[in-house]
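Take a look at the structure set out below.
The values are calculated or read from the model by the stated rules, or taken from the named source; none is laboratory data. These figures come from a predicted structure and were not determined experimentally. Every residue, glycine as well, gets a Cβ built from its backbone with ideal geometry; the counts of neighbours run over all protein chains shown.
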Amino acid sequence: MIIPLRSPDGKPDYTRFAEWFALCDQCDAKTVLSRLDSWLIPRTTSGRIYCPRCACRTAQQLLTEAFPANPRQRTRIAVTRLRTALRGPLRRLTYRPRHAR
């Protein structure tokens, strides 16, 4: 979350933009926008911001889910994906020869 500094009339003070604060959405980490280089700000409209520690932790969780180390878990995921693929609508691939003989 980005917390802007406000001018006396209550509007965001864009002249002090580098002094605005950024808060991590998963922990209590806080920094000013001028030191935001190592923070992760996804290109979505959700507005979520992650500190480097939480970004690494989230990436590690996603990689662990995508590539589990346990062979049984890998097999279970492969079977689940196969079932999902087989339940989906079947599309017939049409092949038309380019040159009729």
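In the stretch 14-25 there is at least one residue matching the filter, namely being among the acidic types (Asp, Glu) and within 30 Å of Ile77 (Cβ to Cβ).
Would you call Thr64 in a strand (DSSP E or B) and either without any contact (Cβ under 8 Å) to a residue 24 or more places away in the chain or out of contact with any helix residue (DSSP H, G or I) (no Cβ under 6 Å at 6 or more places or on another chain) (or both)? No. Scanning the stretch 54-101 for residues being over 30 Å from Asp28 (Cβ atoms) and at pLDDT 65 or above gives a total of 20. Is it fair to say Asp9 is touching a strand residue (DSSP E or B) at 6+ places or on another chain (Cβ under 7 Å), assigned to a loop (DSSP other than H, G, I, E, B) and at pLDDT 85 or above? No, not satisfied. Considered as a group, the residues in the stretch 43-53 that are in contact with a strand residue (DSSP E or B) (Cβ under 8 Å, 6 or more places away or on another chain) and without any contact (Cβ under 8 Å) to a residue 40 or more places away in the chain include one that is surrounded by the fewest Cβ atoms within 10 Å (Cβ to Cβ), and that residue is Pro52. Every condition in (1) touching a strand residue (DSSP E or B) at 6+ places or on another chain (Cβ under 9 Å); (2) modelled with pLDDT under 80 is met by Trp20 except one, and the failing one is (2). Look through Thr31, Thr44 and report the one residue that is among the β-branched types (Val, Ile, Thr) and more than 14 Å from the chain's Cα centre (by Cα). On inspection, the qualifying residue turns out to be Thr31.
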